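Notes to accompany the following structure.
The values are calculated or read from the model by the stated rules, or taken from the named source; none is laboratory data. Keep in mind that this is a model prediction, so the values were computed, not measured. Cβ atoms come from the backbone with ideal geometry, glycine included; neighbour counts cover every protein chain shown. Please note that ligands, DNA and RNA were not included when accessible areas were found on the heavy atoms of the full protein model with its side chains. Shrake-Rupley method; radii C 1.70, N 1.55, O 1.52, S 1.80 Å.
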Amino acid sequence: MQCSRQSLGLAEASRCHYRVLLSLPSNRCSRAVGWSNSALQNDHCSLWRRTTCSQRPLHSAMPAAPLSRATVDTTSVVTRASAVSSPIFGVSDIWHWRKAQLQKIALFTGPALSIPLADPIMSLVDTVCVGQCTGTLELAALGPTMLIFNLFTYIFTAITITTVSLVADKMRKQDITAAGDALSSALFVATVFGLLIQAVLLVYSKQMVVLTGAAPALLEPSVTYLKIRAWSAPAVLVSMVAQAGLLAQQDSFAPFIWVAVQSILNVVGDLVLIMYFKQGLAGAAWATVVSQLVGTTGLVWMYRFRGQVRPKVRVPTLSQLTELSSTFGPASLIYIFKSLCYMMLQVWNLCAFGHTPMEQAALAFLPGTADRHEYKELVKLLLGVGVVVGAVTAFVATAVPYYLPFLFTPDAQLWPIMKSIAPQCVISMMLCAMDVSAAGILMACKDLLFLARAMTVSLAVLVGYFSVAKSQGWQLGGIWWGLALFFFIRAVQSSFRVYSHHLSAWNVSAMSPFEADKLQAVAVTGATG
């Protein structure tokens, strides 16, 4: 039995189980729902040619007569295509699909989780070893140094997001050469910025520690630690970009291996230099530097055996730098604002970085979705996983300082203070995870200008809140409520943007990138044919 192709308006043929999401006159219906001799028609119709109407659990609008090239323009084609529903899954099919996608995301984000956590874990190991084996003075001196070094490196997290986005986009278009060029350009930029950070930290370390408001007694040990850590700055940035290039190819296992090696070396170095040789802060810094240099070298060497993309040592062209900066510029603004609020507690900071794989999963998987329905279902799945990850990290970030405060300091007078901020920690961590998932989706859709504007609004509100907090004399608890407010504003803005612009039934931007590329090609062909 053949299905009728003349359904108008919002109609559903129950025997054939398909929907035609059109509101066009009958003489234009066939031209709006079919593309003859096009890749789009072949993809959407291959399932229909193999099955009968009664056997089809997944349905879309039926392809029909050829589209007249004389009447095609880019705007109309894309608008009509947004109305053509991609396959609607049956109940059993959608759950099988979600299960398969969750497995893919878990296999990807599990190893990828180690990547953003590598530097925070090493900093946390330094904190524990210094806190247990040295005095309170050196433990306190870690605060301003961690703030400065992590501020620089976290700002340049934007280059990893840019690398994942560009390389994944080139891979989706089957342009391996362009993907290699994009990765090579990102590595060059990372090296240059790493050397610049190293020079700034070596020359102006004392002035920067003073700017943090550190007590005079902390100045000497803080400067010593910061100058030693400065030597690892180029390796840290190169490692971040090299990891991003592998993640763009959906390979998170290779980075995981070298992050594990790096972390083990750091722990061993801390135990030997701090506990055995009694080197204090300087020993912790040298252990971290050596482990990061070894890890970066091994990761770059891994490109000889993993993935299709091979980076080259060369200076990028002006056009390649322009392409890189178009994403890096807005993204760097986002991460500058984030970094201003992430340096409040080591454990909270560690768990906050645990949300980063959700961004990376969105950037790696969303560009490859084949149609709008799969794209929207994957968006919903990523948002749901973000809520679950937020609940887990909120528990960890609260439980460790609350029940195990002695791991960080033997000073019992500090333990009640650590416990007092538990409610703010839970709320801010949950909101942070929701925002990171939504922001990753927006980054994958290249909605970076909105993210930059939203972050500006959030930071402005936070500055206003802290001004009031200072005038009213609010203490540590009040500061942490400000952090919760900051992530609430971010989560509301990013989640609403995803819903209104990427889950809306009639929004053109809700199409998958793969589908949009095909429709644009059809539109250009029709307009010029």
In Å, what Rg and Dmax follow from the Cα atoms of region 109-244?
17.5, 58
Consider just the alpha-carbon atoms of region 381-430 and return their Rg together with their Dmax, both in angstrom.
13.0, 44
Inverse of <1/r> over all distinct C-alpha pairs of region 142-188, i.e. the Kirkwood Rh in Å, gives 12.0 Å
Round to a whole number: what % of the accessible area of region 372-437 belongs to carbon and sulfur, probe 1.4 Å?
78 percent
Can you give the Rg and Dmax of region 98-148 based on its C-alpha atoms, in angstrom?
17.1, 52
At 1.4 Å probe size, with every protein chain present, just tell me what the per residue accessible area of region 128-178 comes to in Å².
33 Å²
√(5λ) per eigenvalue of the Cα gyration tensor, region 230-316, largest first, Å:
29, 14, 8
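Can you give the relative contact order of region 193-299 as a percent, counting alpha carbon pairs under 8 Å and 6+ residues apart? Numbers along the way, then the final one.
Details: 106 pairs, mean separation 34.6, N = 107.
Relative contact order here is 32 percent.
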Inter-part gap, Cα centre of region 141-158 to Cα centre of region 272-330, in whole angstrom, is 16 Å
Please arrange M146, M430, M240 by accessible surface area, largest first, computed with a 1.4 Å probe and ligands excluded.
M430, M240, M146
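Using the crude model of +1 on Lys and Arg Cβ and -1 on Asp and Glu Cβ, and no other charge, please compute the dipole size for region 359-470 relative to its Cα centre, in debye to 20. The partial results should precede the final answer.
Values: 7 positive and 7 negative charges, 50 e Å.
Roughly 240 debye, rounded to the nearest 20.
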At 1.4 Å probe radius, can you tell me the per residue accessible area of region 454-501 in Å²?
52 Å²
